[in-house]
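The values are calculated or read from the model by the stated rules, or taken from the named source; none is laboratory data. Everything numeric in this text was worked out from a predicted model, so none of it was measured. Glycine also receives a Cβ, built like all others from the backbone with ideal geometry; neighbour counts cover every protein chain displayed. What goes into the accessible areas is simple: the full protein's heavy atoms, side chains included, and nothing from ligands, DNA or RNA. Shrake-Rupley method; radii C 1.70, N 1.55, O 1.52, S 1.80 Å.
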Amino acid sequence: MKLRIYLLLTNAISILVIIVLLILFYRFMLLSEEQFIWLTIVSLGAGLLSGILHFLLIRPIEAAVKRIGEGSASIADGDFQARVPLVGPVELKLLAGQFNEMGDKLQASFHQLQAAEVARRELVANMAH
């Protein structure tokens, strides 16, 4: 399940539980029919507003996770120069920074391995002559 769907589903379930409980408790209060209807409408509106805000606020998180995934796929394909922009919430910026540091270390290790291979070939060529 995608992160966005998981977070939206979790939020929708929590909002639904809250609204159902509010409506049930409204019935036990000494409210007129009109007051009950207004409170129910306001509760549904607040739940809808909360859902919309949640939808908008998780977009930067989703984008940051997607960028980190794309960066890891690039490194898995052999592009050790792939870097992830430091965007999103603090935790994801930290993760992206660590990811970039890992990419730097992998690139340095790869260059050392290439240099060792060149030295090995030179040694074999010199010994053959």
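Just to confirm my numbers, what's the Cα centroid distance between region 49-73 and region 78-129 in Å?
For region 49-73 versus region 78-129, the Cα centre distance is 28 Å.
Explain nothing, just compute: Karplus ³J(HN,Hα) = 6.51 cos²θ - 1.76 cosθ + 1.60, θ = phi - 60°, for every residue of region 79-91 in order, whole Hz, x for Gly and Pro.
Coupling constants for region 79-91: 8, 6, 8, 5, 10, 10, x, 8, 10, x, x, 3, 4 Hz.
Could you pull out the trypsin sites (Lys or Arg not before Pro) across region 1-106 that fall in loop regions by DSSP (anything but H, G, I, E, B) with no more than 11 other Cβ atoms inside 10 Å?
Qualifying residues, ordered by number: LYS2.
Within the chain, what whole-number % of the accessible surface is contributed by carbon and sulfur, with the 1.4 Å probe and all protein chains included in the calculation?
For the chain, the apolar C and S fraction of the accessible surface comes to 70 percent.
Pick the calculated Kirkwood radius over Cα pairs in Å for this structure from [x] 15.2; [y] 17.2; [z] 19.5?
Recomputing Kirkwood radius over Cα pairs in Å here gives the entry labelled [z].
Got the relative contact order for the chain handy, in percent, Cα pairs under 8 Å and 6 or more residues apart?
The value is 19 percent.
At 1.4 Å probe size, with every protein chain present, just tell me what the per residue accessible area of region 1-58 comes to in Å².
Averaged over the residues of region 1-58, the accessible area is 78 Å².
About its Cα centre, what dipole magnitude does the chain give when the only charges are +1 on Lys and Arg Cβ and -1 on Asp and Glu Cβ, stated in debye to the nearest 20?
I would put it at about 40 debye.
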